[in-house]
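The structure appears below as structure tokens.
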Amino acid sequence: MSEEKVPEEKQSVIEGFKAFLMRGNVIDLAVAVVIGAAFTAVVNSIVKGLINPIVGAFGTKDLEKYRSCLKAPCETNAAGEVVHGIPILWGTVLSAVLTFLITAAVVYFLMVLPMSRYLARKAAREAKAEEEQAAVEAAEIILLREIRDELVAQRGSGSSA
């Protein structure tokens with residue numbers, strides 16, 4: 001008996017997986033990941049090509065060169081590896097934060113905000129259409145009640161004659 005149940009479970013798992021893959025959300029997610037990867041390259045180039053030089057006007061040309069030493073003195077070898085001391089790489093963190101903020105701003109202003117406005121307008125149109133439909137239905141109900149009352153009144157006057 002248990003041998004028959006295992007293939008059914010595998011079958012239902014496979015069917016469930018197929019149903020999961022066929023949902024639109026999975027396709028949307030895959031597209032978002034691909035676009036996000038491409039967009040990350042654009043944002044990184046903006047940070048490295050535009051933001052870093054602007055910040056570099058006030059100090060070093062690369063944000064990643066900004067660092068402090070927790071345990072002084074910090075010494076590096078020719079390859080840039082730390083030999084002595086404990087460096088805090090706050091420039092790298094600042095660069096990552098700027099990349100995140102630029103990415104978040106672009107996504108919000110170019111994707112989320114327009115979509116929110118579109119959905120709000122669409123919901124308002126649908127609500128207006130529903131209100132109009134409800135008004136039409138209410139008018140029809142009133143008309144049907146008047147017709148019913150008139151028919152009842154005609155039957156009542158016709159049966160008494």
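Side notes on the structure shown:
- Identity of the residue in the stretch 68-98, small (Gly, Ala, Ser) and over 22 Å from Ala41 (Cα atoms), that ends up least open to solvent (accessible area, probe 1.4 Å): Gly85
- The lone criterion from (1) open to solvent by 70 Å² or more (accessible area, probe 1.4 Å); (2) under 21 Å from the mean Cα position of the chain (by Cα); (3) within 28 Å of Leu110 (Cα to Cα); (4) not acidic (Asp, Glu) left unmet by Ile54 is number (2).
- Sole residue being aliphatic (A, V, I, L, M), under 30 Å from Leu63 (Cα atoms), over 18 Å from the mean Cα position of the chain (by Cα) and part of a helix (DSSP H, G or I), chosen from Val136, Val97, Val112: Val97
- Condition met for Ala153 (closer than 30 Å to Ile35 by Cβ and at pLDDT 80 or above): no
- Boolean, Glu146 is part of a helix (DSSP H, G or I), at pLDDT 90 or above and surrounded by 10 or more Cβ atoms within 10 Å (Cβ to Cβ): yes
- Within the stretch 116-127, considering residues that are open to solvent by less than 100 Å² (accessible area, probe 1.4 Å) and of a type outside the set (Ser, Thr, Tyr), the one farthest from Val42 (Cα to Cα): Ala127
- Figure legend. Inter-residue proximity from the stretch 40-52: first residues farther than 8 Å from Thr99 by Cβ, second residues open to solvent by 60 Å² or more (accessible area, probe 1.4 Å) and of a type outside the set (Val, Ile, Thr), beta-carbon distance below 7 Å, spacing 6+ or different chains. Indicated pairs: Asn52/Lys61.
- Residues located in the stretch 34-69, provided they are outside any helix (DSSP H, G or I) and modelled with pLDDT under 80: Ala57, Phe58, Gly59, Thr60, Lys61, Asp62, Tyr66, Arg67
The values are calculated or read from the model by the stated rules, or taken from the named source; none is laboratory data. Being a predicted model, the structure only gives us computed values, none of them experimental. Ideal geometry is used to build each Cβ from the backbone, glycine not excepted, and the neighbour counts take in all protein chains shown. Calculation scope for accessible area: heavy atoms of the full protein, side chains included, ligands and nucleic acids excluded. Shrake-Rupley method; radii C 1.70, N 1.55, O 1.52, S 1.80 Å.
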